[in-house]
Amino acid sequence: MGCDITTKERAGVINPMYDCQPAGAQYAGIGVKDCIPLVHGGQGCTMFVRLLFAQHFKENFDIASTSLHEDSAVFGGHQRIRDGVMTLARRYPALRVIPLITTCSSEVIGDDVEGNINVCNKMLKEAFPDRKVYVVPVHTPSFKSSQVGGYSECLRAIFKTIATRKATATGKLNIFPGWVNPGDLVMLKRYLREMDVDATFFMDTQDFDSPVLPDKSIHTHGRTTVEDIMASTGARASVALARYEGASTAEQLSSDFEVPAHIVATPYGIANTDALLQKISEITGRPIPDSLITERGVAIDALQDLAHMFFADKRVALFGHPDLVIGLAEFCLEIEMKPVLLLLGDDNSKYKRDPRILALTKKADWDMEVICNADLWELEKRVKDPDTKIDLILGHSKGRYVAIDGNIPMVRVGFPSFDRAGLYRHPTMGYQGAMELAENIANTLFAHMEFNRNKEWILNTW
Amino acid sequence: MPMVLLECDKDIPEREKHIYLKVDGEDTRDFLPVSNAQTIPGTLSERGCAFCGAKLVIGAVLKDTIQMIHGPIGCAYDTWHTKRYPTDNGHFNMKYVWSTDMKESQIVFGGEKRLEKSINEAFDEMPEIKRMFVYTTCPTALIGDDIKAVAKKVMAARPDVDIFTVECPGFAGVSQSKGHHVLNIGWINDKVGTLEPEITSEYTMNFIGDFNIQGDTQLLQAYWDRLGIQVIAHFTGNGTYDSLRGMHRAQLNVVNCARSSGYIANELKKQYGIPRLDIDSWGFNYMAEGIRKICAFFGIEDRGEALIADEYAKWKGRLDWYKERLKGTRMAIWTGGPRLWHWTKSVEDDLGVEVVAMSSKFGHQEDFEKVIARGRNGTYYIDDGNELEFFEIIDRVRPDVIFTGPRVGELVKKLHIPYVNGHGYHNGPYMGFEGFVNLARDMYNAVHNPLLKLAATDIRGPANATIREAAE
């Protein structure tokens, strides 16, 4: 009994959990309105990441490439940076922000990104004297960190470049939700509305679920504006919901502009959501309204129907982004499931010291394993091992064959979830998300019982 | 007149050389779009990289081979779960990717040790697998890791394994096309002729340039079985590593995708004197013609005619049902390259569909020569088309359906235009007779989707009639 925190022993990776840094940077970049990220690297670094986003959201996002080739490898890619920036600015008159995202190749070649941006700024000023286009240096070599760190770094860099002055006090909150789905964002916005708290979300990805309209207009882009980012320095406080995806920007706003930063537990499950609402109430002085007490009660009511009858003692394996995995593991405890395997997929050494992980290990009165720098082969090996009984997998679609081949029920959660319909629309955070996720888990387990003829008759009377 | 400078390209006028509008009475040879040239940075091109051309398109199709990617994690992650090429052994090729997960210290001190360790680990973890491709990526090529030396060392220590190395950094060439070339040439030079295949028929061939998309290879294999022709190697649909080592023993190389795999057919001709026969595997006319050519080569015309007659009896009626309903449909094709010329005439002849615009990501001059010869007048032929150009072309030609990838499909959905997956198919296979009926069915279901009318309806206007009509 107890918890082991280990690191994958193999050097190589079989079936990675995360994409590389530039991919995460691209995700942060598309959250800004009138923004097209420009990836300084080979064309595949952009083309496949666009495809990945399209798979998850069933939407198209605009991302450009400098199309780096051999000549750039030898002579440097300066001209391609300048051509890329100017071509984008000329052909997209509404464009206001270009995050210039580096990759492994451009970092190894050693192109002077900041120097080239200075040149670009001059060229832009000359070509468009009445227009400001922000070119943001985003250093995200693929051989460091992962999509998680890349998201965080691009977010931070965009604020560093655009939010350069202390704005007049807005009384608003900056909310950094992390790499979440539109469903979470819409729900979090509703919570703040119900609390009568004025807040700005960074990045506002609500329209990543966008309509087909009679006039054929396309609204698939971030809602966060340059003005939103500028005004963030005048906010009452920042609240970061994900320690590894956005907290660094909140901290930067705190150190540069004295905007107080609150890094809260990621609001998966009831107690974490309670803590978030209480924190917001504490910062703003706004009470938690009856409507949210009711919603909380409806969620607990629903969870009660499921927890000790169906969920109790179920052994769960979780993988995905660190804040998601940790938050869901905490939620598992609330519904009496046992998180037996937590897989965190990059070499960030901070995970092992994360207070939430340490708290989980103290609570574990069962065998629990946390593997850092893990890949999905670690999951597959344990699923195949008869001694490691796993009843449920919570993770993203890249692990689908572990579940299919192992005949283990799996609920898709996290990024990317491309093999189930519409998941991006449904929250997993908050009371509503806890309830919907639990019900999704229950229905998945029920279907599994039926297809495997495993005590499916229990449900005859439920 | 024939080369077109679009409004969106006024700031990059060099794009004019890449867009051709075919008109009546011109010598089209005078107006070939420039192709296989560098993309203008920042244009939102559709192109991928040489690495993906080698690994994702050709190598990772093999059903018994570890694909070790020497580089940072993204190159592996991104070339996983983006293709639909099943195998008859449970899709080993689609379930796994392998990476050396290169980190900064290997960039500084070299990554060969990490590669060696990762190769050994992969073989240890999957002891039933004895074959491997190793790929370089941008950073490992830039720092100059010698992957061939590492592969040799591992093979010396593990006599039961065989490893093929591919030098295909993403920055090489101008598109994925470079990776096709590198892998083709590498394979013929390093591996063909290193294993003798078992010959089971007096008629033998290699089938080259077909990647078993949704079962294409397996569908066509039924034809070859019926004709009594042994396919020594499929390059690379549902293929195995060792079968490809025996390509030198075939009497004939039949080539479907000339762009990705024509190189190896040429080399097999040069080095082993094996003739090359190009066919089109999509479409009734083309498939029948291909079968006739192959059978003529072997002198088994009777068998070919019998097969074609049976297949026509089985499928022609259903094809014609769709033809009746698809006649006059305006189609755009935005795919890699060869499918433009494989499809433009087959959909016209077999289905009465008019292809009104085509864009190729990585086609070369000969692809454009073929497609312009086969294609219609009034049609746009575009090299390396980008997003703003697509919008403008759509306005000009008003297609009813676009055969393209899923991401562009999501984009054109907002413009009320349905897409059919021109890469991985909607519900294939699409090759062969049965396959082309599948293609026709998917096109029909896309074009006749009632949601299209509902999408175009603004219920704030006097449009109730339209809604009723769509629902009926």
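The values are calculated or read from the model by the stated rules, or taken from the named source; none is laboratory data. Bear in mind the structure is a predicted one, so any value in this text is a computation, not a measurement. Note: ideal-geometry Cβ built from the backbone for every residue, glycine included; neighbour counts use all protein chains shown. What goes into the accessible areas is simple: the full protein's heavy atoms, side chains included, and nothing from ligands, DNA or RNA. Shrake-Rupley method; radii C 1.70, N 1.55, O 1.52, S 1.80 Å.
Okay, here's what the table says:
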quantity: Accessible-area ranking of B:E366, B:E26, largest first, probe 1.4 Å; calculated: B:E366, B:E26
quantity: Efficiency of FRET between A:K389 and A:R190 - r from beta-carbon atoms, R0 30 angstrom, step 0.05; calculated: 0.15
quantity: Peptide ranges A:208-215, B:206-213 listed from the most packed, as the mean C-beta count within 10 angstrom indicates; calculated: B:206-213, A:208-215
quantity: Span from the the range B:217-281 Cα centroid across to the the range A:298-353 one, whole angstrom; calculated: 51
quantity: Taking the range A:252-320 and dividing mean pair separation by its residue count, relative contact order in percent (alpha carbons under 8 Å, at least six apart); calculated: 14
quantity: Shielded residues, the range A:101-142 - accessible-area loss of 20 Å² or more between chain alone and all protein chains, probe 1.4 Å; calculated: A:C104, A:S105, A:V108, A:S142
quantity: Cα Rg, Dmax (largest Cα-Cα span) when computed across the range A:45-158, Å; calculated: 14.4, 40
quantity: Net charge of neighbours whose Cβ lies under 11 Å from the Cβ of B:D320, counting Lys and Arg as +1 and Asp and Glu as -1; calculated: +3
quantity: Environment charge at B:T344 (Cβ cut-off 14 Å; Lys +1, Arg +1, Asp -1, Glu -1); calculated: 0
quantity: Chain A: relative contact order as a whole-number percent, Cα under 8 Å and 6+ apart; calculated: 18
quantity: Highest to lowest packing among B:29-41, B:318-330, scored as the average C-beta count within 10 Å; calculated: B:29-41, B:318-330
quantity: Proximal lysines relative to B:K453, as straight alpha-carbon distance under 17 Å, when same-chain residues fewer than 8 apart are discounted; calculated: A:K216, B:K413, B:K414
quantity: Largest to smallest principal axis extent of the C-alpha atoms in the range B:212-256, angstrom; calculated: 26, 22, 17
quantity: Minimum 20 Å² accessible area buried by the other protein chains, the range A:384-403 residues, probe 1.4 Å, relative to alone; calculated: A:K398, A:Y401
quantity: Relative contact order [Cα under 8 Å, 6+ residues apart], the range A:314-462, whole percent; calculated: 20
quantity: Dipole magnitude of the protein assembly as shown, debye to nearest 20 (Cβ charges: Lys/Arg +1, Asp/Glu -1, about Cα centre); calculated: 620
quantity: Per residue Cα convex hull volume in Å³ - calculated over the range A:254-400; calculated: 144
quantity: Kyte-Doolittle at least -1.0, axis length at least 18 Å by Cα - qualifying DSSP helices, chain B; calculated: B:176-190, B:284-298, B:432-447
quantity: Estimated inter-spin distance, B:A149 and B:A306, nm [label 7 Å along Cα→Cβ]; calculated: 5.9
quantity: Of A:C45, A:G406, A:N272, farthest towards positive along the dipole that unit charges on Lys, Arg, Asp, Glu beta carbons give chain A; calculated: A:C45
quantity: Residue pairs, from the table A:K398/B:K63; B:K270/B:K370; B:K83/B:K178; A:K160/B:K10; A:K8/A:K350, whose Cα atoms sit over 25 Å apart; calculated: A:K160/B:K10
quantity: Model label zone, B:K293; criterion: amide N under 19 Å from point 7 Å along Cα-to-beta-carbon; scope the range B:371-390; calculated: B:371-375
quantity: Two-site label geometry, B:L195 and B:F109: point separation in nm, points 7 Å out along Cα→Cβ; calculated: 3.7
quantity: Listing of the range B:370-398 residues, each with accessible area lower by at least 20 Å² in the full protein assembly than in the chain alone (probe 1.4 Å); calculated: B:E387, B:L388
quantity: Accessible area per residue in Å² at 1.4 Å probe, computed on the range B:1-144; calculated: 34
quantity: Linear extension gain, B:H91 paired with B:Q365, 0.36 nm per residue minus alpha-carbon span; calculated: 95.1 nm
quantity: Heavy-atom accessible surface of the range A:16-121: percent carbon and sulfur, 1.4 Å; calculated: 52
quantity: Segment B:L5-B:R158, extension gain: residue separation times 0.36 nm, minus the distance between their alpha carbons; calculated: 49.3 nm
quantity: Accessible area buried at the A-B interface, both sides summed, 1.4 Å probe (Å², nearest 100); calculated: 6300
quantity: For the protein assembly as shown, convex hull of alpha carbons as volume per residue, Å³; calculated: 189
quantity: Per-pair calculated FRET efficiency, R0 = 56 Å: A:S217 and A:T7 via Cβ, rounded to 0.05; calculated: 0.70
quantity: For B:98-109, mean number of other protein chain Cβ atoms within 10 Å; calculated: 5
quantity: Shielding of A:426-439 by partner chains, average beta-carbon count, 10 Å; calculated: 0
quantity: Value of Rg to Rh for the range A:9-70 (Rh from inverse mean 1/r over Cα pairs, i.e. Kirkwood); calculated: 1.03
quantity: Within-15-Å neighbourhood charge of A:V135 [Cβ basis; K, R +1; D, E -1]; calculated: +3
quantity: Pairwise label distance in nanometres, A:H308 with B:R330, each label 7 Å out on the Cα-Cβ vector; calculated: 6.7
quantity: Difference of contour (0.36 nm per residue) and Cα-Cα distance, A:T170 to A:E456; calculated: 97.3 nm
quantity: Whole-percent carbon and sulfur share, accessible surface of the range B:347-396, 1.4 Å; calculated: 40
quantity: More than 14 angstrom apart: percent of Cα pairs within the range B:254-305; calculated: 56
